[in-house]
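**Q** Structure below; questions to follow.
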Amino acid sequence: MNKVLYLILFLFCFGIMGIAQPTNDNCSSPINIPDVTNFCSKTGEFTNVAATPSGYGSATCWPNTGKDVWFRFRAFFTDVNIVIIGTNLGGTKGGTLSKPMVALYKGVCGGTISELECGADNAGRGILSIYQGGLIVGADYLIRVDGVAGFTGTFQMCINNFNPPADPKQDCISATVLCDKSPFVVQKLSGGGLDNDEAKNSCLGDNITQVSESSSVWYTWVAANDGTLTFTLRPLNPSDDIDFAVYELPNGVHQPCDNKIVLRCNATAPPCAGPTGLDTIDTDITEDLNCNSGENGYCKYIDMKQGKAYALVINNFTNTGIGFSVEWGGSGEFAGPTANFGIDPPSGLKCETDFTVIDSSSTLPPSRIVRYTWNFGKDAIPQMGNGNANQTVRYNSFGEKFVALTIVSDLGCQLTEIRRVFVEPCCEDLPTLKIVLDSMRNLSCYKANDGMIAVSGDQGSPYDEDNNGVKSFYYQFSLDGQEFSQANVFRNLSAGKHRVFVQDRKGCIDSLEVTITEPAEVTPNAGVDQEVDLGETIDLNATTVPPDFYIYDWYRGDSIECKNCQNTRALPFNDGFYSVKATNANGCSGVDSIYVRVRKNYFVYPPNVFSPNGDNINDFFDVLGSKSIASIDLMQIFDRWGNLLFEGKNLAPNNSGAGWNGRANGQPCTPGVYVYLIKARFIDGHIEAVSGDLTLMR
């Protein structure tokens, strides 16, 4: 007996050919993006194809929903920019989703979630960008993606979580002052400011018909030391053409810019467009409006001199309205105040215990700090603060926390410093936390791995989330020591013992062990392997354990009389397997097979004497043979001189009266020796040709 796992192979192949439902089409099972400081997925990495409705209504700016998928990230900085790239008509494609929609939420899945930002690509450009500031550092946020009018497809998602400088300005004299080289993102670019041709003395304009700024922004800074400066500008829409010019400002920052000096300029066009900036490799100082040989979008670094002022104008020549990200490099630094603070005690912090945050920021003359803003993050009391006085803070939950200080100088320069702290559990003298088993499901079939455990928490100190005045309370759960999350239902579990943990905001933990069982394996027995002569039938008999009512399905093999019978017969033509699948009322099934070997003996027995004298005994020359003969395709009789006397086609074998009756042209043939040629077809399609002498007697 041969055990053949054809059912498993069938299900595997079917799964490949079918379209799988995305794992993240529910708010409670989002894809986690662990680091969003400068995240960009692979092209087409995500999809909403075959997604099902998550149960949440449309976002405020969405015309519909129903094919939404979810993502989660933890904020490490205060601002976030999210770009969804689908078909991106006219640009670099990120996937096949032609009309993406995206929304950003805070809150608890299964409880209350609040929408923070929303976007919908109703125009069908295939790309979409949204921005949100004021995030709570250390808090988790949800991203939801769908398609307008039920559109589905693959997409690329890029996320930048960053601390922004001051709001971008569009004229040189009011340019945003930078005081350090922290990376940041500008989500939108629109218009050229009050004077949209300030860069006319650079490669950005032709000084005749084309203004130098269409969608631009200006930044300025003072060099804190002698050193090099490099940077990279990346368009949020990968196909946008981002141009720039770098100036020296002899009059200083926030002064008239009439005599600014062009140091570097890059306006190269597609296909050179893409990331652009200054680097340490290139030697050119200008790349003009074309994409000439040797141009790549980068120019040579600049050597900054301490105390001198510089400016950077960035222009989206494509004029899509979509912005860019910037990363700085080189040994030169920007002059400005420094955001800094200490924590007392520096370690051993415990939840529900006060600690002190002490400002130690410094000011580099002639600027001074005019505003201090504190963000103590999730579960902090207080959550926000102002001023440079010592701040007294406590956390009402344990775990990883973040303290952020943002300072603003009198020149509008903005800096943010963020520190990570760990708050230890505080479970003493608190109500005892309990884990409660709400429901469970054993495996439906042997090795099905579809077990389920649902739990909840009781007492202790649940987490709480305030969304627009609506409180949501929840615990965090873990299965078999995995990472804690808000998900309290665990699916697709295998048989065996599982330990489920509950944790509250104080760090208290309780657990229970749940055993998931599985039914006995459905094991059909198709019998023993067989060997049979071609033309003989075989009996197919199946038995199955454990005893139950089963539906049987015989498949593979030749000429099965009843494929849905437990016991049946078959007429094998060739060697091969006969397989049976047994399925019980729960849909559980098993497969077994036998191998049948067919002996191919092609026997044809023409007689060598016959007497067609009308006595009904041996009156016809008929072909005899085994049961495996299907037909006599051809029978020919010749006389000794080679004349054809008789020809029969498609004659029945082993059938008296189907062959030659000893006559030719209506007349009896004389006794003597004749020659025959016979072609016999067997049930497996084989044709056997035989010839020989035949004696006719009267």
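**Q** Could you tell me whether region 87-102 includes any residue that is in the same structural domain as D146 (by TED's automatic domain parsing) and touching a Leu at 6+ places or on another chain (Cβ under 6 Å)?
**A** Looking for residues that are in the same structural domain as D146 (by TED's automatic domain parsing) and touching a Leu at 6+ places or on another chain (Cβ under 6 Å), one finds at least one in region 87-102, hence yes.
**Q** Quick test of your reading of the structure: S174 fulfils all but one of (1) under 28 Å from D464 (Cα atoms); (2) surrounded by fewer than 22 Cβ atoms within 10 Å (Cβ to Cβ). Name the failing condition by number.
**A** Of the numbered conditions (1) under 28 Å from D464 (Cα atoms); (2) surrounded by fewer than 22 Cβ atoms within 10 Å (Cβ to Cβ), the odd one out for S174 is (1).
**Q** Restricted to region 417-460, and to residues that are touching a residue at least 60 places away in the same chain (Cβ under 8 Å) and among the small types (G, A, S), which residue is nearest to Q486 (Cα to Cα)?
**A** By that ranking, first place goes to G451.
**Q** Could you give every pair whose Cβ atoms fall below 8 Å, whose first residue belongs to region 123-138 and is within 30 Å of V423 (Cα to Cα), and whose second residue is aromatic (F, W, Y), counting only separations of at least 6 or pairs across chains?
**A** Listed by first residue and then by second, the contacts come to L135/F77; L135/Y141; V137/F76; V137/F77; V137/F402; G138/F76; G138/F402.
Here is a yes/no grid of residues against (1) in a strand (DSSP E or B); (2) β-branched (V, I, T); (3) loosely packed, with under 12 Cβ neighbours inside 10 Å:
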site	(1), (2), (3)
G648	yes, no, no
G657	no, no, yes
L677	yes, no, no
R681	yes, no, no
A689	yes, no, yes
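**Q** Among G111, G95, G107, G91, which is touching a residue at least 40 places away in the same chain (Cβ under 8 Å), over 30 Å from F477 (Cβ atoms) and over 17 Å from the mean Cα position of the chain (by Cα)?
**A** Among G111, G95, G107, G91, only G91 is touching a residue at least 40 places away in the same chain (Cβ under 8 Å), over 30 Å from F477 (Cβ atoms) and over 17 Å from the mean Cα position of the chain (by Cα).
**Q** Let me ask another. Of the residues that make up region 67-87, is at least one touching a helix residue (DSSP H, G or I) at 6+ places or on another chain (Cβ under 9 Å) and farther than 26 Å from T320 by Cα?
**A** yes
**Q** In addition: Only one of these conditions is not met by A50: (1) in contact with a Gly (Cβ under 8 Å, 6 or more places away or on another chain); (2) among the hydrophobic types (A, V, I, L, M, F, W, C); (3) surrounded by fewer than 20 Cβ atoms within 10 Å (Cβ to Cβ). Which number is it?
**A** (1)
**Q** Another one. What is the one condition in (1) aromatic (F, W, Y); (2) modelled with pLDDT under 95; (3) not assigned by TED's automatic domain parsing to the domain that holds V217 that F324 does not satisfy?
**A** Looking at each condition in turn, F324 falls short on (3).
**Q** When the residues of region 509-532 are narrowed to those that are under 20 Å from N449 (Cα atoms) and exposed (fewer than 14 other Cβ atoms within 10 Å of the Cβ), which ends up farthest from the chain's Cα centre (by Cα)?
**A** Here the residue is A520.
**Q** Okay, moving on. Restricting to region 20-47, give me the number of residues that are surrounded by 15 or more Cβ atoms within 10 Å (Cβ to Cβ) and not in a loop (DSSP other than H, G, I, E, B).
**A** 6
**Q** How many of the residues in region 538-571 are among the polar types (S, T, N, Q), surrounded by 14 or more Cβ atoms within 10 Å (Cβ to Cβ) and in a loop (DSSP other than H, G, I, E, B)?
**A** Count: 1.
**Q** Limited to region 160-206, what total is found for residues that are within 30 Å of Y141 (Cα to Cα), of a type in the set (D, E) and at pLDDT below 90?
**A** 1
**Q** Separate question: Against the condition in the same structural domain as L540 (by TED's automatic domain parsing), assigned to a loop (DSSP other than H, G, I, E, B) and among the polar types (S, T, N, Q), how does N586 come out, does it pass?
**A** Yes, satisfied.
So that you can scan it fast, the table gives a plain yes or no per residue for (1) modelled with pLDDT under 95; (2) out of contact with any helix residue (DSSP H, G or I) (no Cβ under 8 Å at 6 or more places or on another chain):
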position	(1), (2)
I538	no, yes
V545	yes, yes
Y552	no, yes
C562	no, yes
Q566	no, yes
V580	no, yes
A585	yes, yes
S593	no, no
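**Q** Ok, one more. Looking at (1) within 30 Å of L571 (Cβ to Cβ); (2) outside any loop (DSSP other than H, G, I, E, B); (3) out of contact with any Gly (no Cβ under 6 Å at 6 or more places or on another chain), which is the one condition that is false for M635?
**A** With (1) within 30 Å of L571 (Cβ to Cβ); (2) outside any loop (DSSP other than H, G, I, E, B); (3) out of contact with any Gly (no Cβ under 6 Å at 6 or more places or on another chain) applied to M635, the lone miss is (3).
**Q** Residues being under 23 Å from N396 (Cα atoms) and surrounded by 13 or more Cβ atoms within 10 Å (Cβ to Cβ): count how many of those fall in region 329-355.
**A** 8
**Q** Still on this structure, I have one more. Among the numbered criteria (1) assigned to a strand (DSSP E or B); (2) exposed (fewer than 15 other Cβ atoms within 10 Å of the Cβ), which one does M440 miss?
**A** Checking M440 against (1) assigned to a strand (DSSP E or B); (2) exposed (fewer than 15 other Cβ atoms within 10 Å of the Cβ), the one that fails is (2).
**Q** Among the listed residues F162, F71, F155, F76, identify the single one that is surrounded by fewer than 21 Cβ atoms within 10 Å (Cβ to Cβ) and either in the same structural domain as D466 (by TED's automatic domain parsing) or of a type in the set (F, W, Y) (or both).
**A** F76
**Q** From N396, N388, which residue is within 30 Å of S29 (Cβ to Cβ) and surrounded by 16 or more Cβ atoms within 10 Å (Cβ to Cβ)?
**A** After ruling out the rest, the residue left standing is N396.
**Q** Only one residue in K188, K200, K181 is without any contact (Cβ under 8 Å) to a residue 60 or more places away in the chain and either out of contact with any Ser or Thr (no Cβ under 7 Å at 6 or more places or on another chain) or outside the structural domain of S409 (by TED's automatic domain parsing) (or both). Which one?
**A** When all the criteria are applied, what remains is K200.
**Q** Here's something else I'd like to know. Among the listed residues S331, S439, S347, identify the single one that is among the hydroxyl-bearing types (S, T, Y) and modelled with pLDDT under 95.
**A** When all the criteria are applied, what remains is S347.
**Q** Inside region 89-103, can you point out the residues that are hydrophobic (A, V, I, L, M, F, W, C) and more than 19 Å from C118 (Cβ to Cβ)?
**A** Result: L89, single match.
**Q** Right, another one. State the number of residues belonging to region 540-566 that are closer than 20 Å to V598 by Cα and out of contact with any Ser or Thr (no Cβ under 7 Å at 6 or more places or on another chain).
**A** Residues that pass the stated criteria total 4.
**Q** Filter region 491-508 for residues that are in a strand (DSSP E or B) and modelled with pLDDT under 95; which is surrounded by the most Cβ atoms within 10 Å (Cβ to Cβ)?
**A** That would be R491.
**Q** Right, next: Quick one: would you say G535 is among the small types (G, A, S) and surrounded by fewer than 18 Cβ atoms within 10 Å (Cβ to Cβ)?
**A** no
**Q** When the residues of region 446-467 are narrowed to those that are of a type in the set (A, V, I, L, M, F, W, C) and modelled with pLDDT of 95 or more, which ends up nearest to T523 (Cα to Cα)?
**A** Filtering region 446-467 for residues that are of a type in the set (A, V, I, L, M, F, W, C) and modelled with pLDDT of 95 or more, the one nearest to T523 (Cα to Cα) comes out as M452.
**Q** Still on this model: Within region 250-268, can you find the residues that are touching a residue at least 40 places away in the same chain (Cβ under 8 Å), of a type in the set (A, V, I, L, M, F, W, C) and over 21 Å from S325 (Cβ atoms)?
**A** V253, C257, V262, L263
**Q** If you don't mind, another one. Pick out the one residue from C61, C13 that is of a type outside the set (D, E, K, R), more than 27 Å from N488 (Cβ to Cβ) and modelled with pLDDT of 90 or more.
**A** Being of a type outside the set (D, E, K, R), more than 27 Å from N488 (Cβ to Cβ) and modelled with pLDDT of 90 or more holds for just one of C61, C13, which is C61.
The values are calculated or read from the model by the stated rules, or taken from the named source; none is laboratory data. In this text the structure is predicted, and so the values were computed from the model without any measurement. Positions of Cβ are generated from backbone atoms using ideal geometry, with glycine treated the same way; all protein chains shown enter the neighbour counts.
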